[in-house]
1. For residues that are surrounded by 13 or more Cβ atoms within 10 Å (Cβ to Cβ), of a type in the set (S, T, N, Q) and more than 17 Å from Asn24 (Cβ to Cβ), tally how many sit in region 145-195.
2. Any idea how many residues of region 13-48 are at pLDDT 90 or above, of a type in the set (S, T, N, Q) and within 22 Å of Met107 (Cβ to Cβ)?
3. With respect to the numbered conditions (1) modelled with pLDDT under 90; (2) surrounded by 14 or more Cβ atoms within 10 Å (Cβ to Cβ), which one is the sole condition not fulfilled by Asp118?
4. Report, ordered by the first and then the second residue, all pairs with beta carbons closer than 6 Å, sequence separation of six or more or different chains, a first member in region 167-178 that is closer than 20 Å to Val139 by Cβ, and a second member that is among the basic types (Lys, Arg) and outside any helix (DSSP H, G or I).
5. Among the residues that make up region 182-193, is at least one of them of a type in the set (D, E, K, R) and part of a loop (DSSP other than H, G, I, E, B)?
6. Scanning region 25-46 for residues that are of a type in the set (Gly, Ala, Ser) and surrounded by fewer than 17 Cβ atoms within 10 Å (Cβ to Cβ), which turns out nearest to the chain's Cα centre (by Cα)?
7. Run Asp142 past the list (1) under 23 Å from Phe26 (Cβ atoms); (2) in a loop (DSSP other than H, G, I, E, B); (3) not hydrophobic (A, V, I, L, M, F, W, C) and report the number of the one that doesn't hold.
8. Any idea which of Pro123, Pro99 is within 19 Å of the chain's Cα centre (by Cα) and surrounded by fewer than 18 Cβ atoms within 10 Å (Cβ to Cβ)?
Amino acid sequence: MKIKKILIISGSHKKDGNTATLINWFCEGAKAKGIKTEIIQAASLKSKILGCTSCRKCQKLKEYNCIINDEVSLVLKKMIKSDVIVFATPLYFFAASAPIKAIMDRMFSLYKWDNEADTFETPLRGKTLVLIASAYEDVGLDALEKPFKLTADYTGMKFKSLLVPNAGVSGTLKKNVKVKKQAIGFGKEMGTKPL
């Protein structure tokens, strides 16, 4: 499958920190392969609720989307139209940041379950889920990665990750030439290797 569009959802509140740096390098690599990228700042989205309320009204809709009409619903629609969905986040207490978690919870609406047949359908199947994450030190990235990998496996998505330990305080990653090369190369992979 040729990758044409990558949707990147940033979970950082900082516009010039380590997460933003990794995203910029990743996009540089992807664009070098002719791939269109779109970055969404999850912390800036106008949302009527925090996460999913489990109303299950989305299960009665014909289309795949949350019934809450806000900017998060627009992001969910963009996921359906993208080949690759990237979540980029700093490590917060061994997990993704709250803006990322809120969007992931709302992804419930992108699945249709038939409980009697024990099956489900989703337009995400066959896409690629990517995690880009950094941590101040070398602790916790494995815990952060696990729910993303489980989500991809459950959904029938391919999974890739770029985990950067020992990134230091916000903004210091910009000086790390080795990680820059790695992140640009990771972006280029999206256009050169079958995902």
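1. Residues that pass the stated criteria total 4.
2. 3
3. (2)
4. Partner pairs satisfying both residue conditions: Ser170/Lys14.
5. So far as region 182-193 goes, yes, one or more of its residues are of a type in the set (D, E, K, R) and part of a loop (DSSP other than H, G, I, E, B).
6. Across region 25-46, the extreme among qualifying residues is Ala43.
7. (2)
8. Going through Pro123, Pro99 in turn, the sole match is Pro123.
The values are calculated or read from the model by the stated rules, or taken from the named source; none is laboratory data. This structure is a prediction, so every number in the text was calculated from the model and none was measured. Using ideal geometry, Cβ is built from the backbone for each residue, glycine included, and neighbour counts are taken over all protein chains shown.
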